[in-house]
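Reading through the structure tokens given below for one structure.
Throughout, read-outs are computed from the coordinates displayed, never taken from laboratory work. Everything numeric in this text was worked out from a predicted model, so none of it was measured. Methodologically, a virtual Cβ is constructed for each residue, glycine included, from the backbone with ideal geometry; neighbour enumeration extends over all protein chains shown.
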Amino acid sequence: KLCKRRLIPQVGVITDIREETPDVKTFRVNAPEGGKLFEHMPGQCAMLCAPGVSEGMFSIIFADEQRIPGISIKKCGQLTDYLHSLEVGDEITVRGPYGNHFPVEDKLKGKNL
């Protein structure tokens, strides 16, 4: 069942931006009061919304050892250009997580993937 909370955009605060390549950045996004914005599993995704610009679906990664959600974004269009212009401390709205996960921590553990 899809939780109604996932449908309602939550405000997230960008707490870290790591430049992976000249056109890929990884954004770590926390809740405004600190801590995780949501719990997610490997393979899930989230909708990022920039009001007045656009909204798009992006894969969620673990950005650090504390398993804080992060999103790696390649600069390749209007929305991603805007997202790449954001700085630490800026806010973005997020919906999710969505999608099925990959059971890498139980059913797939130790298997040749």
Exercise. Provide the net charge surrounding Gly43, with neighbours chosen by a C-beta distance below 14 Å and charges set as Lys +1, Arg +1, Asp -1, Glu -1.
Key: -2
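Only sites in a loop by DSSP and with at most 16 other Cβ atoms within 10 Å count here; which GluC sites (Glu not before Pro) in region 1-61 make the cut? Don't skip to the answer; put the middle values down first.
Details: sites: Glu19, Glu20, Glu33, Glu39, Glu55; in loops: Glu33, Glu39.
Loop-located and lightly packed - Glu33, Glu39.
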